[in-house]
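The numbers here are math on the coordinates, done by the rules we state, and not lab data. Here the structure is a predicted model, which is why all the values come from computation and not from measurement. Methodologically, a virtual Cβ is constructed for each residue, glycine included, from the backbone with ideal geometry; neighbour enumeration extends over all protein chains shown.
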Amino acid sequence: MWRDAALVAGKDLRIEARSKVALSQVAPFGIVALGLFAFALGPARAPMVSGAPGLFWVAVLFSTVLAIQRSVSVESADGARDGLRLSGLDPAGLFLGKALAVAAQLVVLELVLTVGVVLLYGAAVKTVWLIAAACLLGTVGLAAAGTLYGALSAGIRVRETLLPFLLLPVVTPILLAGTRIWQAGLAGGTPSDATPWLHLLLAFDAVYLAVGVVVYGPIQEAT
Amino acid sequence: MASAAPPTPALSLRDVVALSGRFPLLAGVDLEVDTGEVVLVEGPNGAGKTSLLRVAAGLVPVTSGRLTVLGLDPERYRTAVRRRVGMLAHASHLYDDLNVRENVRFAVRAAGADPGRIGPACERLGLTGRLLRTSAAKLSAGQRRRVALAVLVARAPDLWLLDEPHAGLDASARSLLDELIGEAVATGATVVVASHEPELLEPLADRSVTVNGGRVTGERSIRSPAPDVPIRAVGSAERAAGPPVERVVHVA
């Protein structure tokens, strides 16, 4: 399973390194979203700083949809999905590999967006480890849930419009917990301020990783 | 005296029905392919040739009936079966952003095959030099087909499923493909090949089945090997030497 996961993640990351879709389209989209939020909130600094955690995670969620759609579309061209099925790859390894590649792209995206939040909104990161923990745990959950729902929508003709509709409501716990942890991180909060929300992210990650490992294969065969 | 058990067929379909939604792709197919046999599947467009191969590859689930591939139930032993089955389909299963070498290497390693066979397979298919470093997006249809064939050769599966294998290939690649089929059979592989240009493949085939309306409607023996020659060891050259024995069985 781990060998297959590494193989698939390596392949997806190599494709992204060649096509540069994540760097040239997904990350700029996230920055544009942050900029639009700043325009909507007006020139005053206070509402931007107080809204920064939520706006960061909304931008991450929207960008995740693009990253997942890209991950699915890579397998849609030239019957590549059939090629993967025919290769006899372990479905659990395939799920973990695809999720790992998406997670690696999301980590880069979140770094870029964090810099964007600091520069555009004037927010100051006071407890760095809380911000990092929220991003890390949120990334795992987004990548796992996104890969799973991406597979669900893969065989459907209208997948581009269906995926956000399926995925965004499901990842609301990440938006909620990530925002609360970020609020604590920007305010210089203590670990106890964020513990319940970190637990929520951990539980979300565990559930979606376990479900993905078990059901990715049957979903792949059925869609 | 106890008689030896009959050899397990490489592919066996018994009254197999497969659906796409409510549309029947296969409507009760009975077909048995022995190990080492080359079977040509003929029929007009939309007859069910591709569906038959996709069902055999386990890409389309069987709704009813019984399917065994290499003696195994492909539903139950999905990974084990798929690693021993290779399919040349209409699509080449290539990633446009990867180059030829990377595509072949990924496909071969994904199938758990020996990476040491990648180099010789690419060379055999004429995928050498700069072509190996060319991204798949820049390849012609014929070159994509060659890459897909290189994957198949490097994987060396026990069951080859070829869907219109000559399509998009030039004359030299077609004759190379015929050689590769002969060599695969000589090493014990089984080949099921679908085509609506049977005249191109008849010299290689042992038997032909006609598919129409999702059913096997006819069967024709093209070559009979000499009785003392195991069928799996018969290459295209030996088969071509024998006189054709034709038999037509209408199943419908």
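Annotations for the structure displayed:
- Look at where the Cα atoms of the range A:178-223 and of the range A:141-171 average out, and the two centres are 17 Å apart.
- Residue with peak Gaussian network fluctuation, chain A [Cα springs, cutoff 10 Å], from A:Asp12, A:Asp78, A:Asp90: A:Asp78
- Scanning chain A for long hydrophobic helices, with DSSP H runs required to stretch 18 angstrom or more by C-alpha along their axis and to average at least 0.0 on the Kyte-Doolittle scale, returns A:27-41, A:45-76, A:91-121, A:128-154, A:172-186, A:191-222.
- Each Lys and Arg contributes +1 and each Asp and Glu -1, all at the Cβ; summed about the Cα centre of the range B:1-160, the dipole is approximately 740 debye.
- Measuring max minus min along each principal axis, the C-alpha atoms of chain A give extents of 56, 34, 28 Å (largest first).
- Neighbouring partner chain Cβ atoms per residue of B:95-101, average, 10 Å criterion: 5
- Inter-chain neighbour count for A:74-82: the average number of beta-carbon atoms from partner chains within 10 Å of each residue's beta-carbon is 6.
- Dipole magnitude (debye, nearest 20) for the range A:51-114, charges at Cβ of Lys, Arg, Asp, Glu: 60
- The modelled label-to-label distance between A:Val125 and B:Leu19, using points 7 Å beyond Cα along the C-beta direction, is 5.4 nm.
- 5 angstrom amide H check on B:Ser221, placed H, neighbours 5+ away: B:Ser208, B:Arg247
- Close amide H pairs (under 5 Å, H built 1.01 Å from N) link B:Gly65 with B:Val17, residues at least 5 positions away or on another chain.
- Whole-Å distance, taken between Cα centres, linking the range B:64-80 and the range B:151-183: 24
- Taking the convex hull of Cα positions in the protein assembly as shown, its mean projected area over all directions (nm²): 26.9
- Here the Gaussian network model covers chain A, with springs between Cα atoms less than 10 Å apart; of A:Val26, A:Val72, A:Val108, A:Val108 fluctuates the most.
- At q = 0.14, 0.16 Å⁻¹, base-10 log of I(q)/I(0) for chain B (Debye sum, equal scatterers on each alpha carbon): -0.95, -1.23
- Of the peptides A:197-204, B:17-24, A:120-127, the ranking by mean beta-carbon count within 10 Å, highest at the top, reads A:197-204, A:120-127, B:17-24.
- J(HN,Hα) series, the range B:193-200, from Karplus relation 6.51 cos²θ - 1.76 cosθ + 1.60, nearest Hz, glycine and proline x: 10, 9, 7, 9, 10, x, 4, 6
- The mean number of Cβ atoms from other chains found within 10 Å of a Cβ in peptide A:8-15 is 3, as a whole number.
- Among B:Gly129, B:Gly213, B:Gly43, residue whose mean-square fluctuation peaks in a GNM of chain B (springs only between Cα atoms under 10 Å): B:Gly129
- Signed unit charges on C-beta, dipole axis of the range A:2-222, positive-most listed residue A:Gly97, A:Leu84, A:Ser63: A:Ser63
- Hydrodynamic radius of the range A:98-160 per Kirkwood, over alpha carbon pairs, in Å: 13.2
- Gained length - B:Ala27 relative to B:His196, 0.36 nm times residue gap less alpha-carbon distance: 58.8 nm
- Helices in the protein assembly as shown, meaning DSSP H runs of at least 4 residues, each add -39500 (n - 2.57). Divided by all residues, the mean residue ellipticity at 222 nm is -18000 deg cm²/dmol.
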